[in-house]
Each structure stands twice: as C-alpha cells, then as structure tokens.
Amino acid sequence: QVQLVESGGGLVQPGGSLRLSCASSGMIFRFITVGWYRQGPEKQRELVASISSAGSTKYADSVKGRFTISRDNARNTVFLQMNSLKPEDTAVYYCNREPPFSYWGQGTQVTVSS
C-alpha cells in the first residue's frame, strides 16, 4: 500500500523561504520520477518540479530559479526548497510520481502573505 506524506508548509511572508519534504512507504523514489505538484485556490493541480531516477530536474517556468527539487535516497525523501516566495505560490503542495498515481497524500499548505 502506497503512502505519501508531505510536510514543511506554513505561513511565510513574500520573499521568504520554505523547505517541503515528501516521504513514502511503498514507493521507492530513486527508481522513479517524482514530482511536486500544487493546487491553488480555484485552480487545477499543476506540476511545478520533478526529479528523475537519474537525478535530472525540471521546473515549471513560474518557479524556475526560485525552487529546487532534490532527493535523499537513504531516507527515501524528496525535498522542495522554495525561495523568493510570492503570493501566487500559495497552494496545497503534493508529491507523487510523475505521471501521478491516482492516490494522493494529504498535501501541505503553503500560504504566502504579508
């Protein structure tokens, strides 16, 4: 049974930083492409960053240069370092395989506001 647990969200001022973590049981991250997705208020879920099994990374244009995705194989954890946060980054952030499985974790809320 796959479990995905996202953490690290919170309330931050514009220009601030957060580091999100994603841990899983039942999904071995180093063997697959893992993505961070987000769903803002009244918006569709979108892929913002991904990391392949080989370590190649991709980013949505809206976060390029500000977000960094990384993976710790020993801990089977994927991270999303988010810098220079903007109000439009406000969303619930999720991790999943890319392309995603039908199962989603509970996500972690990121709110960027002064």
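The values are calculated or read from the model by the stated rules, or taken from the named source; none is laboratory data. The shown structure was predicted, so the numbers you read here are calculated from the model rather than taken from an experiment. With ideal geometry, Cβ positions are generated from the backbone for all residues, glycine too; neighbour counts draw on all protein chains shown. For accessibility, only protein heavy atoms count, side chains too; no ligands or nucleic acids. Shrake-Rupley method; radii C 1.70, N 1.55, O 1.52, S 1.80 Å.
Brief remarks follow.
Table: residues versus (1) open to solvent by 60 Å² or more (accessible area, probe 1.4 Å); (2) closer than 17 Å to residue 105 by Cα; (3) modelled with pLDDT under 95.
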| residue | (1), (2), (3) |
| --- | --- |
| 9 | no, yes, no |
| 15 | no, no, no |
| 19 | yes, no, no |
| 27 | no, yes, yes |
| 39 | yes, yes, no |
| 42 | yes, no, yes |
| 51 | no, no, no |
| 61 | yes, no, no |
| 65 | yes, no, no |
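- Of all the residues in the range 91-114, those that are part of a loop (DSSP other than H, G, I, E, B) and touching a Gly at 6+ places or on another chain (Cβ under 6 Å) number 1.
Condition check ((1) modelled with pLDDT of 95 or more; (2) open to solvent by 60 Å² or more (accessible area, probe 1.4 Å); (3) of a type in the set (A, V, I, L, M)) across all residues:
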| site | (1), (2), (3) |
| --- | --- |
| 69 | yes, no, yes |
| 72 | yes, no, no |
| 76 | yes, no, no |
| 79 | yes, no, no |
| 82 | yes, no, yes |
| 87 | yes, yes, no |
| 96 | yes, no, no |
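- Some residue of the range 33-51 being touching a Lys or Arg at 6+ places or on another chain (Cβ under 7 Å) and among the aromatic types (Phe, Trp, Tyr): yes
- Test: residue in the range 28-35 that is free of Cβ contacts under 8 Å to residues at least 12 places away in the same chain and either in a strand (DSSP E or B) or touching a Phe, Trp or Tyr at 6+ places or on another chain (Cβ under 7 Å) (or both): no
- For the range 98-112, taking the residues that are among the polar types (S, T, N, Q) and open to solvent by less than 60 Å² (accessible area, probe 1.4 Å), the one that is farthest from the chain's Cα centre (by Cα) is identified as 111.
- Being open to solvent by less than 70 Å² (accessible area, probe 1.4 Å), at pLDDT 95 or above and aliphatic (A, V, I, L, M) is not true of residue 5.
- Which listed residue is touching a residue at least 40 places away in the same chain (Cβ under 8 Å) and of a type in the set (Asp, Glu), from 46, 6, 42: 6
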